[in-house]
Structures are given as C-alpha cells and as structure tokens.
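Everything below concerns the one structure shown next.
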Amino acid sequence: MTFQLPALPYAPDALEPVISARTIEFHYGKHHQAYTTKLNSLVPGTAFENATLEEIILKADGGIFNNAAQVWNHTFYWEGFSAQRGTAPSGKLLSMIDSDFGSFEAFKTKFNEAAVNQFGSGWAWLVLNAAGNLAIVTTGNAANPLRDGLKPILTCDVWEHAYYLDFQNRRPDYVNVFWQLVDWNIIAKRLG
Ligand code: MN
C-alpha cells in the first residue's frame, strides 16, 4: 500500500492570519509530505505492507509507527479546520462538553493549559474515552490516542514547526487563536 499526502480541503491561505500560507508551505508541504514519503520507504518488506494507517498505529513501533502516526495526526489536524469562521459546538457535542468540562469556555481553558504545558514536541487532543466521556489528553512526539483505546475528536499540533514561523516561541498565542480555525460542524461529525 502506498500512502498519499491528502489534499488540503481549503486554499493554502485560507487559514490566515492564524496559520499563514508560509506555514502551510512548510508544515503541510514539507513536514507532512516528508512523513508520508518516509513511511512509504519503510513499509515495504515488513509485516505492514498491506496494513492501513490505523492498523500500523495500533501495532507498529519505531520509525514505522512514528511516521504513520505523524501522517495520521497531521491529516486529522488539517481536516479539523475550514475556511469558515465562527462555528461553535451545539446539540449533543455541546451538552457533552458542558457535562464533562462545565462549559465550553472551561473546556477551552483546560485544553489550552494542556497544550501549553506539553513539554517539547507533541499534540493536545480532545478524545472520547471508553466510558463515553470527553477528555483532554496530550501525547509526546508522534504518539496517538488510538493506541490507548481513545477516539480522537480534535487535535492541536504543538510541535514548534506548527507555530514558529507565525508566532516564534509564543505557543500560548498560537493555541489561543487556534480556536478561530476549528470547524465545529466537522468536529461534531467525528463524535459519531
Ligand atoms: Mn506538525
């Protein structure tokens, strides 16, 4: 199986000014592409030759895991955004957020704290756990919550390459405005 870099569902400048076209050029065009290319170079001749990305994430280790998870994580990150601004959670998703975090504002505050406090490279996630509750988790480097039996709903990439061109060292500023890009209609569909 050859993995492809999925096309972005919006123009490269659609996320400006939060994520610049320049960041898209490198983060999507170079980093995400490189994980895809590297994965395709590692898989042939291994037990994962016919595996899906999710199967690799659940079972692989080392470079194959890291590159497969980074391909998946980045696709999930990009696909949580749209050119539309100003959406908000509603219906079932909003009532789950209210019941699991107190309020949408309290949820965002808790998520921001997790994202800012993730030491070094990694990801902040909103996940659905086995009990059917929403939770916030962070993972280091390429790690993906699927591996822990959690269903990812939303993610924020906190590797420096995600924000350095636009915000330099100011990760809190990036995380604060990241919310402007999230399309809650897409996120609600992920809840299933
Ligand atoms: Mn990244």
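In table form, for the structure just shown:
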item: Selected residue (criterion: nearest to the ligand (Cβ to nearest atom)) from residues of the stretch 78-99 that are in a helix (DSSP H, G or I) and out of contact with any Phe, Trp or Tyr (no Cβ under 8 Å at 6 or more places or on another chain); result: Met96
item: Single residue of Ala47, Ala88, Ala14, Ala21 found to be touching a helix residue (DSSP H, G or I) at 6+ places or on another chain (Cβ under 7 Å) and modelled with pLDDT of 95 or more; result: Ala88
item: Where a residue in the stretch 151-162 is without any contact (Cβ under 8 Å) to a residue 60 or more places away in the chain and its partner, wherever it lies, is more than 9 Å from the ligand (Cβ to nearest atom) and of a type in the set (Val, Ile, Thr), with Cβ under 7 Å and at least six apart; result: Lys151/Val127; Ile153/Val127; Ile153/Ile187
item: The stretch 139-150: number of residues that are touching a helix residue (DSSP H, G or I) at 6+ places or on another chain (Cβ under 9 Å) and either in contact (Cβ under 8 Å) with a residue 40 or more places away in the chain or more than 20 Å from Glu79 (Cβ to Cβ) (or both); result: 6
item: Criterion violated by Gly63 - all others in (1) closer than 20 Å to Asp157 by Cα; (2) crowded, with 19+ Cβ neighbours inside 10 Å; (3) away from the ligand (no atom under 16 Å from the Cβ) satisfied; result: (2)
item: Residue within the stretch 81-89 that is within 23 Å of Tyr164 (Cα to Cα) and either surrounded by 14 or more Cβ atoms within 10 Å (Cβ to Cβ) or touching a Gly at 6+ places or on another chain (Cβ under 7 Å) (or both) present; result: yes
item: Any hit, the stretch 113-120, residues being of a type in the set (D, E, K, R), touching a residue at least 12 places away in the same chain (Cβ under 8 Å) and outside the structural domain of Leu53 (by TED's automatic domain parsing); result: no
item: Filtered residue count, the stretch 1-52, keeping only those that are under 22 Å from Phe65 (Cα atoms), more than 16 Å from the ligand (Cβ to nearest atom) and either of a type in the set (Ser, Thr, Tyr) or part of a helix (DSSP H, G or I) (or both); result: 6
item: Residues (among the charged types (D, E, K, R) and within 12 Å of the ligand (Cβ to nearest atom)) located in the stretch 152-172; result: Asp157, Glu160
item: Thr155, sole failed condition from (1) outside any strand (DSSP E or B); (2) within 19 Å of Pro9 (Cβ to Cβ); result: (1)
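Listed here are the residues, each with its yes/no results for (1) closer than 24 Å to Leu53 by Cβ; (2) assigned to a helix (DSSP H, G or I).
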| position | (1), (2) |
| --- | --- |
| Thr109 | no, yes |
| Phe119 | no, no |
| Leu126 | yes, no |
| Gly132 | no, no |
| Leu165 | no, yes |
| Gln180 | no, no |
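Here's the yes/no breakdown for (1) at pLDDT 95 or above; (2) within 16 Å of the ligand (Cβ to nearest atom); (3) more than 15 Å from the chain's Cα centre (by Cα); (4) surrounded by fewer than 19 Cβ atoms within 10 Å (Cβ to Cβ):
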position	(1), (2), (3), (4)
Lys110	yes, no, yes, yes
Asn144	yes, yes, no, no
Leu150	yes, no, no, yes
Val175	yes, yes, no, no
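The values are calculated or read from the model by the stated rules, or taken from the named source; none is laboratory data. Keep in mind it's a predicted model, so treat the numbers as computed, not measured. Cβ coordinates were reconstructed from backbone atoms using ideal geometry, including for glycine residues, and neighbour counts include every protein chain displayed.
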